[in-house]
Amino acid sequence: MNIQLIDKKVFDSKNNLTLKLITSKRLEKAKFKKTLKKAGFKAEQDSLCAMHGKSLLFCGIENHENENIKTIAVTVAKAMKNYDYKSISVDVNKESIQAIIEGFVLGGYEFNNYKSKSKKMKIKNLYLTCENVKELTALFQEAIIIAEATCFTRDLVNTAPDDMYPEIMAKVAKKLARENDLACNILGKRELKREKCNAMLAVGRASRHDSKLIHLAYKPKNAKKIISLVGKGLTYDSGGLSLKPATSMVTMKMDKAGACAVLGIIKAVSELKLDVEVHAFVGAVENMIGGDAYKPDDVLVSRKGDTIEVRNTDAEGRLVLADVLDYAQDKTKPDYLFDFATLTGACMVALGQYTTGVMGHSNRLKHDLSKASNKAGELTASLPFNKHLKKQLKSEIADICNISNKPYGGAITAGLFLDNFIKEENKNKWLHFDIAGSAYTETPWDVNVYGGTGAGVRFMTQFLKNIK
Ligand code: BES
Ligand code: ZN
Ligand code: ZN
């Protein structure tokens, strides 16, 4: 769908369906009040009433808050799929434009790459009509870039594991680097051995696809700050020898969502031309079984040099991140260090499916992040570290164990495992985002449809936009 910002005065509404956002209060004074009431329309939030004779679609909203505007846009985007109009139009202003764009683009998103017969949407154009195009142009472009980067992330997450293995992910990154003028470095098996990324290599050893460490960099002149992003890119997580039960294995193509988010964020930042230097590090690995698989009881020597006792091969993300975080901290001197990972089922137990778990040492940074996520319309919540949980990672035979010795607090103990690999000077610059629940859904909610949600892209881009 092509989206255009257009001056209301010059807009030609032929073959067009015009949307009218309306509250119940406003309905009382509406021109077509009688007809609308006859149709049973009360302007309740997310209710629709079409007057096709007049090419009008009345859209109920509780009030003009962004969340309500966004959800009505989602409702319309879905309803549109059955209509035969060429275009739709809706009035926007500087308060509503982002919510409308996000609702339409993200709520209307479909992933049809594997359908032989995909239903084509008839509507070709969405016209956002306004009084002052000049005033809204920057906001318009920004909202489009962020929504499209979110869809880019969703597409990658939704791609089947046999079509998106580490080498393909590296190809996607290279293409993005070419298109967006980013620096790009890919480490294969040989380079990873040279870098002593033994923990990461162990996880990928039984796969027929070699692991890749991807590093992209956006370096504008006069950058104010340096930000390093790290993403868990398990292109498939079978659990390894600690094999997942059949039903838990389904959807594990989404275990690359952290990596996909990081790629989406650097795409958005480079297109928005933000004044910050951003590095994206991705550990792309497939966790499989076989004669060559790493095992519970193995002891791995991480890149940092700490030894890790493996007691469960399904706690693989933290092993990959241990090495990639260490590499990222050696290659960059970041002002902020963020990692994104579908790390634990425990995070979903703690917070539910919709909320990203945020962990780290700096309350101030967590507070700033929470403000950015509120503004961006993504749900996040802090899961606090404490010294008692840290003890649960103690190993009798190595420096640290890859799983906790107690069944509670699993999201936090996974975060504390990562903390072990954060250098002292970066402790207060680091946040870990557990997106296990928020990155993927099998039931639509908010602006999300079946599949990858693009979690992290909107809140992180919002955070980076505000950096001073
Ligand atoms: N990729 C999973 C976490 C996950 C679970 C993501 C469900 C999305 C949905 C991760 O690698 C994993 O398997 N974690 C284990 C850790 C356990 C063995 C300590 C888990 O959460 O059960
Ligand atoms: Zn796992
Ligand atoms: Zn995993």
Please find, within segment 182-203, the residue that is least open to solvent (accessible area, probe 1.4 Å) out of those that are in a strand (DSSP E or B) and within 25 Å of residue 163 (Cβ to Cβ).
187
Condition first: open to solvent by 10 Å² or more (accessible area, probe 1.4 Å) and of a type in the set (A, V, I, L, M, F, W, C). Now tell me which residues in segment 253-282 satisfy that.
254, 272, 274
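For every residue, the table says whether it meets (1) open to solvent by 40 Å² or more (accessible area, probe 1.4 Å); (2) away from ligand 2 (no atom under 12 Å from the Cβ).
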residue: 284; (1), (2): no, yes
residue: 294; (1), (2): no, yes
residue: 314; (1), (2): yes, no
residue: 331; (1), (2): yes, yes
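Determine which member of the set 96, 47, 116 is free of Cβ contacts under 8 Å to residues at least 12 places away in the same chain and more than 12 Å from residue 17 (Cα to Cα). If you could, list the steps in order and put the result at the bottom.
On the way: 96 fails: free of Cβ contacts under 8 Å to residues at least 12 places away in the same chain; 47 fails: free of Cβ contacts under 8 Å to residues at least 12 places away in the same chain.
Being free of Cβ contacts under 8 Å to residues at least 12 places away in the same chain and more than 12 Å from residue 17 (Cα to Cα) holds for just one of 96, 47, 116, which is 116.
Kindly check whether there is at least one residue in segment 212-222 that is within 16 Å of ligand 2 (Cβ to nearest atom), of a type in the set (Ser, Thr, Tyr) and open to solvent by 10 Å² or more (accessible area, probe 1.4 Å).
Kept after step one, since they are within 16 Å of ligand 2 (Cβ to nearest atom), are these residues of segment 212-222: none.
No, the conditions are met nowhere in segment 212-222.
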Assess whether residue 206 counts as being within 16 Å of ligand 3 (Cβ to nearest atom), closer than 22 Å to residue 293 by Cβ, modelled with pLDDT of 95 or more and assigned to a loop (DSSP other than H, G, I, E, B).
yes
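So which residues in segment 335-346 are closer than 23 Å to residue 281 by Cα, within 13 Å of ligand 1 (Cβ to nearest atom) and of a type in the set (A, V, I, L, M, F, W, C), if there are any at all?
Within segment 335-346, the first condition is being closer than 23 Å to residue 281 by Cα, and the residues that meet it are 335-344.
Checking the rest, the ones that are also within 13 Å of ligand 1 (Cβ to nearest atom) come to 340-344.
Once the filter is applied, which keeps residues that are closer than 23 Å to residue 281 by Cα, within 13 Å of ligand 1 (Cβ to nearest atom) and of a type in the set (A, V, I, L, M, F, W, C), segment 335-346 yields 340, 341, 343.
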The helices (runs of 4 or more DSSP H) lying entirely within segment 340-459 that contain at least 2 residues which are open to solvent by 10 Å² or more (accessible area, probe 1.4 Å), away from ligand 2 (no atom under 16 Å from the Cβ) and under 30 Å from residue 65 (Cα atoms) are 345-351, 363-376
Within segment 238-255, the count of residues that are within 15 Å of residue 161 (Cα to Cα), assigned to a loop (DSSP other than H, G, I, E, B) and more than 10 Å from ligand 3 (Cβ to nearest atom) comes to 2
Return the residues of segment 50-93 that are in contact (Cβ under 8 Å) with a residue 24 or more places away in the chain and in a loop (DSSP other than H, G, I, E, B); say none if nothing qualifies.
55, 61, 62, 63, 64, 83, 84, 85, 86, 92, 93
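The values are calculated or read from the model by the stated rules, or taken from the named source; none is laboratory data. None of these values were measured; they are calculated from a predicted model. With ideal geometry, Cβ positions are generated from the backbone for all residues, glycine too; neighbour counts draw on all protein chains shown. Accessible surface areas use protein heavy atoms only, side chains included; no ligands, DNA or RNA. Shrake-Rupley method; radii C 1.70, N 1.55, O 1.52, S 1.80 Å.
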